[in-house]
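Undergrad: I'd like to ask you about the structure that follows.
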Amino acid sequence: MQLSLLKSAPSSWVTVGALALAAATVLSGCASGSATGTASSTALTPVTFALDWTPNTNHTGLYVALEKGYFTQAGLEVKVLPYSQSSTDALINAGSADFGISFQDAATFAAAAGVRNISVMSVLQHDATAIGVLASRDDIRSPKDLDGKTLGMADPSATFPTEAADVIKNDGGTGEFRKITLGTSAYEALYAGKVDFTSAFTTWEGIDAALRGTPMKFFALHDYGLPDQYSVIVEANRDWTAKYPAATAQFVQALQKGYQYAADHPDAAAKILIDANPGAFENTELVYQSQEKLSASYLKDANGKVGTQTADTWQQLADSLYRAGLLADEDGKPLTAPLDTSTLFTEHYLSEK
């Protein structure tokens, strides 16, 4: 079993023409926090934060914290780095970013290969990725019906075909299907009926499809034997946290406050995300509905708190990847012992409130 390394990169999140504008916007993102006048910029501790993709609802809490001045109030000057082709795990590990967005599965693969980052908070408590098919496909009632069908992929390097095959097998099928790489047109191909299924974020593609008049139905991966996970996390450079423990706690708690606001006030938070990234979204209703779904079902733990992580969730995912022979060391050789995930995350910096 293997979970996708590209959880937050659905190509439909922003228009192609808006990418440059979005990147320019996030580069100036730290300005919104300084507008509160709560601290002089010369007194602020600089912090860099790497995005995994162009701005989207997985990042809403970050933009809330910037807009409401939570970072400035904490004595921090946060610079948001735009999405690049380099993984955030690599950027953070190299010291090119102090913090950034990653995913539990990507962080697990990276740790096995020697990356020393540490997850300081979760963003999504559950995996929002699912197998997506058109709701009108009466011939596809469960994953086993995907045998012999065609998968449309956005990225040829994504591991979704492996996890889809596992889901199909766990449902009683053979896990044999055709694969076509279509880049940014994968979702359009599904809507047009040119492919049978694809990888989809229920919190984005599912809503987008309904708004387009081509609703989808989904088979959640963790409903068919794959472990649930913190679909999106915030990682930190381990050396930076050791050198600046107070600033680390201040940053994490300010960011946590931003995500808690987003979880508790989805409409207001969605407007902040939209206003911070003008022109980045084709349909603002998609942003509002996505944020509503994330706030209702993904951002909060059972106690209504954001950011929390547990040892069980981390270890169960790592163990499943190890048993499948998918974890490799820095030389590319399969691990010969299970990965101990106890040092890969911490709740030490979270607010107790």
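The values are calculated or read from the model by the stated rules, or taken from the named source; none is laboratory data. Just so we're clear, the structure is a prediction, and the values are computed from it rather than from any experiment. Cβ coordinates were reconstructed from backbone atoms using ideal geometry, including for glycine residues, and neighbour counts include every protein chain displayed. Remember, those area values only see protein heavy atoms, side chains included, never the ligands or the DNA or RNA. Shrake-Rupley method; radii C 1.70, N 1.55, O 1.52, S 1.80 Å.
Undergrad: I need the trypsin sites (Lys or Arg not before Pro) found in the stretch 137-175, filtered to DSSP loop residues with at most 13 other beta carbons within 10 Å of theirs.
TA: For trypsin sites (Lys or Arg not before Pro) across the stretch 137-175 that sit outside H, G, I, E and B with at most 13 neighbouring Cβ atoms in 10 Å, the list reads ARG141.
Undergrad: How long are the semi-axes of the equivalent ellipsoid of the stretch 241-334, defined as square roots of 5 times the Cα gyration tensor eigenvalues? Whole Å, largest first.
TA: They are 32, 20, 16 Å, listed from largest to smallest.
Undergrad: What number comes out for accessible area per residue over the chain if the probe is 1.4 Å? Units Å², please.
TA: Per residue, the chain has an accessible area of 40 Å².
Undergrad: Can I ask one more? What translational diffusion coefficient, to the nearest whole µm²/s, does the chain have by Stokes-Einstein, given a Kirkwood radius computed over alpha-carbon pairs, a temperature of 37 °C and 0.692 mPa s viscosity?
TA: The estimated diffusion coefficient comes to 160 µm²/s.
Undergrad: At a 1.4 Å probe, what is the % contribution of carbon and sulfur to the accessible area of the chain?
TA: C and S atoms contribute 51 percent here.
Undergrad: ALA328's amide H: which non-local residues (gap 5+, or another chain) put their own amide H closer than 5 Å, with H modeled 1.01 Å from N in plane and none for Pro or chain starts?
TA: LEU335
Undergrad: Hey, what do the phi angles of the stretch 276-288 turn into as Karplus ³J(HN,Hα) couplings, whole Hz, using 6.51/-1.76/1.60 and θ = phi - 60°, x for Gly and Pro?
TA: Residue by residue, the stretch 276-288 yields 6, 9, x, x, 7, 10, 5, 9, 5, 4, 4, 5, 4 Hz.
Undergrad: Right, here's the next one. Using θ = phi - 60° and the Karplus curve 6.51 cos²θ - 1.76 cosθ + 1.60, what whole-Hz ³J(HN,Hα) does each residue of the stretch 299-306 get, with Gly and Pro shown as x?
TA: Result, rounded to whole Hz: 7, 9, 7, 4, 9, x, 9, 9.
Undergrad: Here's another thing I want to ask about it. What net charge is computed for the residues neighbouring ILE207, neighbours being all others with C-beta under 14 Å from the C-beta of ILE207, Lys and Arg scored +1, Asp and Glu -1?
TA: Here the count lands on -2.
Undergrad: What list of ³J(HN,Hα) values in whole Hz, one per residue of the stretch 339-353 in order, does the Karplus curve 6.51 cos²θ - 1.76 cosθ + 1.60 (θ = phi - 60°) give from phi, with Gly and Pro shown as x?
TA: 7, 7, 8, 4, 9, 8, 8, 8, 9, 4, 8, 5, 5, 7, 6
Undergrad: Ok, one more. Taking the Cα centre of the chain as origin, sum charge times position over the Cβ atoms of Lys and Arg (+1) and Asp and Glu (-1), and report the length of that vector in debye to the nearest 20.
TA: For this selection, approximately 360 debye.
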